[in-house]
Amino acid sequence: VVRTGDNYLQSISNRSKVEIYVMGKEVKDVTKHPFLKPSVMSFKATFDAAWEEDTKELGRAWSPFLEEEVNRFNHIHRSPEDLAAKVKLLRKLSHKTGACFQRCVGWDSLNTLNIVTTMMASKGKKEIRDRFVEYLKYVQKNDLALAGAMTDAKGVRNLKPSQQPNKNAYLRITEVTKDGIYVSGAKANITGVAATEEMVVLPTRAMGPEDKDYAVAFALPTDSEGVKIVVGRQLNDARRMEEGEIDGLPYFYNHEGLVIFDNVFVPMNRVFLAGEWEYTGTLVEIFSAYHRQGYGGCKAGLGDVIIGASADLAKQIGVDRASHVQDKLTEMIFLTETMYSAGIAASLNAVKMCDTCWWVNPMHANVTKHLVARFPAQIAQLSIDLAGGAVGTAPSEWDLKNPKLKEYISRYLQGAEDFTAEDRLRMIRLVENVAMGVAFQIESVHGAGSPAAQRIMFSRLYDINFAQEVAKKLAGRKSEVKFTPKAEPWRDSQSEAEAKEL
Ligand code: SF4
Ligand code: FE
């Protein structure tokens with residue numbers, strides 16, 4: 001099934017059981033609340049994309065599970081081309097929203113569970129695989145909006161889940177009954193969660209046997225009893241309450257939330273891990289690489305928005321032909337296309353994990369995310385350079401609209417005569433909100449794992465012994481080159497010893 005954006009809006013408006021807080025107050029209708037509306041509209045764009053001419057083809061895919069077309073955001077990748085289509089779709093969606101559209105985390109969670117439950121089935125846990133396939137079909141059939149909830153509160157970072165003074169610093173199974181499990185704890189920084197219908201909850205790190213109560217993965221409706229969502233603040237967020245149409249982020253945005261689980265019941269048919277600690281390391285590695293690959297699409301798309309806005313602003317003040325301006329735009333293009341190229345490489349060099357499942361290339365996915373942790377800051381700096389000081393000092397839209405000031409502001413904010421002061425103010429606000437926003441600056445650094453996490457993966461994945469053999473041969477040393485590729489740690493679930501090390 002491929003739902004329309006309006007159908008999605010209807011489904012998440014006025015939910016009586018949902019418990020969502022924004023700035024200390026409870027919100028029932030996320031579609032009408034000024035703080036959350038831009039985020040809802042951004043999520044909605046992922047549904048609309050499956051109907052709009054320019055993205056229809058990319059926005060849909062054929063599901064062998066249902067034998068019908070589904071929204072690509074709920075699709076299980078079946079080829080390297082499918083993975084590349086993801087990156088292309090994300091880039092195009094960034095053009096439509098200028099923001100993070102929040103639906104990819106749930107998508108990556110489904111693909112991760114698809115691989116992990118296939119591994120589990122091969123080791124005698126076919127029942128869990130069947131549960132997952134049933135859930136996947138339910139999601140595809142109803143074209144649900146999913147969140148992926150992974151990051152725990154984490155407490156003291158150098159202690160394992162079971163060693164924490166706060167027993168619930170990591171989400172924990174508190175009771176198992178024949179019908180299901182009870183969980184308590186919290187998941188932090190969960191992208192888009194208030195705008196979703198369901199959450200897919202995954203463990204955030206590799207665990208050992210002593211942490212088995214924390215090895216938990218499941219899916220749950222967002223409005224389940226005992227679930228509380230606390231939406232986080234963002235730079236300039238109160239502007240949304242002003243009801244303006246230039247300053248107040250009237251278009252699209254994203255949000256993150258703290259999701260609290262207060263003794264929440266999860267029925268057994270939605271539980272995918274309950275104590276199977278030996279799959280946690282593999283699961284985290286598979287998920288993080290999937291999400292790191294996607295950044296090559298969405299962040300490149302935001303790069304395009306910023307390049308366009310910067311070029312337009314340069315034109316508005318008549319400096320577009322200056323060589324230093326051209327040079328800065330060229331640098332922004334290079335940075336943007338580099339992120340995208342890495343995402344495409346991570347897709348087309350994919351790893352086949354089972355007959356019908358494809359994972360991204362883990363090295364290239366980690367490279368993609370590491371570029372994304374660095375380049376957006378450089379792109380933003382160049383955009384500030386090109387936008388001029390006005391990007392930090394321009395008057396508000398309310399000044400422009402004040403009859404006593406309108407004429408003056410119109411005259412003094414205007415540059416070249418082909419453009420109005422309002423044209424300039426709108427473009428300045430776009431640069432401000434996109435280039436310096438949460439998705440492009442903070443999320444680029446910390447989303448899908450902070451930069452140090454990628455560097456750990458580089459040294460784990462790169463075969464430095466092989467490189468030394470290559471160098472030795474070229475240098476004329478006698479030793480033989482052994483073409484033994486490094487073992488692929490994700491192929492098998494990790495051993496107990498490995499888990500202890502982590
Ligand atoms: Fe999707 Fe990018 Fe947002 Fe992650 S940051 S959810 S990949 S748009
Ligand atoms: Fe993210």
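The values are calculated or read from the model by the stated rules, or taken from the named source; none is laboratory data. The shown structure was predicted, so the numbers you read here are calculated from the model rather than taken from an experiment. So basically every Cβ, Gly included, is an ideal-geometry build from the backbone, and we count neighbours across all protein chains shown. Note: areas computed on protein heavy atoms with side chains; ligands, DNA, RNA excluded. Shrake-Rupley method; radii C 1.70, N 1.55, O 1.52, S 1.80 Å.
Applying Stokes-Einstein at 25 °C and 0.890 mPa s to the Kirkwood radius of the range 317-414, computed over alpha-carbon pairs, gives a translational diffusion coefficient of 144 µm² s⁻¹.
Note: relative contact order over the chain, using C-alpha pairs below 8 Å and six or more positions apart, is 17 percent.
For the pair Ala377 and Leu474 in one chain, pulling the backbone fully straight at 0.36 nm per residue adds 31.0 nm over the alpha carbon distance. With viscosity 0.890 mPa s and temperature 25 °C, the Kirkwood radius over alpha carbon pairs of the range 340-381 converts through Stokes-Einstein to a diffusion coefficient of 222 µm²/s. Per residue of the chain, the DSSP helices (runs of n ≥ 4 H) give a summed -39500 (n - 2.57) that works out to -14500 deg cm²/dmol at 222 nm. Expressed as a whole percent, the accessible surface of the range 209-366 that belongs to carbon and sulfur atoms is 54, based on a 1.4 Å probe.
Name all residues of the range 330-344 having a backbone nitrogen under 20 Å from the label point set 7 Å from the Cα of Leu235 along its Cα→Cβ direction, giving them as ranges. Backbone N within reach: 332-333, 335-336.
Where both bridge residues fall in the chain, DSSP classifies roughly 85% of the beta bridges as antiparallel. The loop-placed GluC sites (Glu not before Pro) in the range 368-424, going by DSSP, that have at most 16 neighbouring Cβ atoms within 10 Å of their Cβ come out as Glu417. Relative contact order of the range 18-149: 22 percent, from C-alpha pairs under 8 Å at least 6 residues apart in sequence.
How would you order 346-355, 77-86, 190-199 from highest to lowest mean count of nearby Cβ atoms within 10 Å?
Taking the mean over residues of other Cβ atoms within 10 Å, the ranking is 190-199, 77-86, 346-355.
Of the trypsin sites (Lys or Arg not before Pro) found in the range 102-201, those that fall in a DSSP loop while having at most 14 other beta-carbon atoms within 10 Å are Lys123, Arg157, Lys178. Within the assembled protein chains, the solvent-accessible surface assigned to Glu26 is about 100 Å², based on a 1.4 Å probe.
Using 0.36 nm times the number of residues separating Leu405 and Thr393, minus their current alpha carbon distance, what extension gain do you get?
Between Leu405 and Thr393, full extension yields 2.7 nm more.
Eigen-decomposition of the gyration tensor built on the alpha-carbon atoms of the chain gives equivalent ellipsoid semi-axes of 39, 30, 20 angstrom, largest listed first. Surface exposure of the chain, expressed per residue as accessible area with a 1.4 Å probe, stands at 43 Å².
For the chain, which DSSP H helices look membrane-span-like by this rule: Cα extent along the axis of 30 Å or more and mean Kyte-Doolittle of at least 0.0? Long hydrophobic helices here: 280-316, 323-348, 362-387. For the range 236-323, dividing the convex hull volume of the Cα atoms by the residue count gives 197 Å³ per residue.
Where the accessible area of the range 32-141 is counted over protein heavy atoms with a 1.4 Å probe, how much of it, in %, is carbon and sulfur? Here carbon and sulfur together make up 51 percent of the probe-accessible area.
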